[in-house]
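The values are calculated or read from the model by the stated rules, or taken from the named source; none is laboratory data. Owing to the predicted nature of the structure, the values given are computational and were not obtained by experimental measurement. Because the Cβ atoms are built from the backbone with ideal geometry, glycine has one as well, and the counts that use them run over all protein chains shown.
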Amino acid sequence: MTLAIDALDKLLTPHGAASAQGRVWLVGAGPGDVELLTVKALRLLHGAEVVVYDRLVSEAVMAEVPESALCIDVGKRPGHHGLKQSQINQLLIDLAISGRNVVRLKGGDPFIFGRGGEEMVSLQQAGIVCDVVPGITAAVGCAAASGIPLTHRDCAQSLRFITGHGRSGEPRLEDASLAAANQTLVFYMGLRWSASISAQLQAQGREGTTPVAIIENGTRPEQRVIITTLAALATTVEKEQPVSPSLLMIGEVVRYYRSAMPVSGAPVSATAG
Ligand code: SAH
């Protein structure tokens, strides 16, 4: 049963005989493919009483929630503003205090760009037991689903997960080591600022020929992979109009995409895959 936010009041009245305090599980829902849920996440979902979820959680994952569970959508999407982070924190506290056991379901992994850390701290400060169940983060799911190894002995000795969205919008990539060769950069939330990301990395010395994969709806039936280069990233985004959620993977490893690309030699050109 899906519950509108304004219908919450009744739910927040004390619940259960002694109205013992409930607890909260911060659960990673993975990137979309239901089979990428952990066994623990699936067990918690099947037994869920209340599920608080957001926009990134796929329909396939939500289909695992029993009919009897209350599902509260707190996500932002066009035409639906969702709750502010502070309101989500308070909602989780109120639900637990009213005696509910809550599965807080978050896309990917709760501790990677998901504000799960803030939710955990706010629950702890309110004295509510909070357990964290990791999930497969988008980078790992998208890599597997597109055949792009995130590291490779020949060309990627390190891997960085970066937010493509700064606190006030445009990211500032001031760390010059980001432009070093032989590393894979994965930008979350990077679509909107992809032109800026491309310009900043090139200004710091990363080659314009560095291959880039834009992975849209990774691990889901509608997954699309667009291959381009750092120099051509902005024009490719303009032309292909990838939608959210999309991830940017930057580095030589992108040449392994479906192993159909030349692993060395000429830079790959912009093609949709
Ligand atoms: N906690 C999440 C990330 C939240 S930030 C995780 O660990 O995956 C949201 C960003 O994640 C999106 O803007 C997008 O860049 C990325 N993302 C999440 N799911 C994705 C998917 N299925 N395919 C591509 N990118 C995805």
Could you tell me which of the residues G99, G107, G116 is in the same structural domain as A48 (by TED's automatic domain parsing), at positive phi and touching a residue at least 24 places away in the same chain (Cβ under 8 Å)? G99
Tell me whether the range 87-97 contains one or more residues that are under 18 Å from G32 (Cβ atoms) and within 16 Å of the ligand (Cβ to nearest atom). no
Could you give me the residue pairs with C-beta distances under 6 Å whose first residue belongs to the range 217-237 and is closer than 20 Å to A144 by Cα, whose second residue is of a type in the set (D, E, K, R) wherever it lies, and which are 6+ apart or on separate chains? T219/D33; R224/E216; I226/E240
Hits in the range 223-242 - residues which are on the phi < 0 side of the Ramachandran plot, more than 10 Å from the ligand (Cβ to nearest atom) and in a loop (DSSP other than H, G, I, E, B): L230, A231, A232
Which one of these is closer than 19 Å to P242 by Cβ and surrounded by fewer than 17 Cβ atoms within 10 Å (Cβ to Cβ): E174, E118, E207, E222? E222
Of the residues that make up the range 53-68, is at least one loosely packed, with under 12 Cβ neighbours inside 10 Å, part of a helix (DSSP H, G or I) and within 20 Å of the chain's Cα centre (by Cα)? yes
Can you go through A96, A69, A60 and tell me which one is farther than 23 Å from P31 by Cβ and among the hydrophobic types (A, V, I, L, M, F, W, C)? A96
Given T2, T13, which one is out of contact with any Ser or Thr (no Cβ under 8 Å at 6 or more places or on another chain) and modelled with pLDDT under 90? T2
One residue is enough: does the range 147-168 have a residue meeting the conditions away from the ligand (no atom under 13 Å from the Cβ), acidic (D, E) and over 25 Å from T236 (Cα atoms)? yes
The conditions are (1) over 27 Å from E59 (Cβ atoms); (2) in contact with a His (Cβ under 6 Å, 6 or more places away or on another chain); (3) within 16 Å of the ligand (Cβ to nearest atom), and V253 fails exactly one of them. Which is it? (3)
Just one of (1) in contact with a strand residue (DSSP E or B) (Cβ under 6 Å, 6 or more places away or on another chain); (2) crowded, with 17+ Cβ neighbours inside 10 Å trips up I112, so point out which. (1)
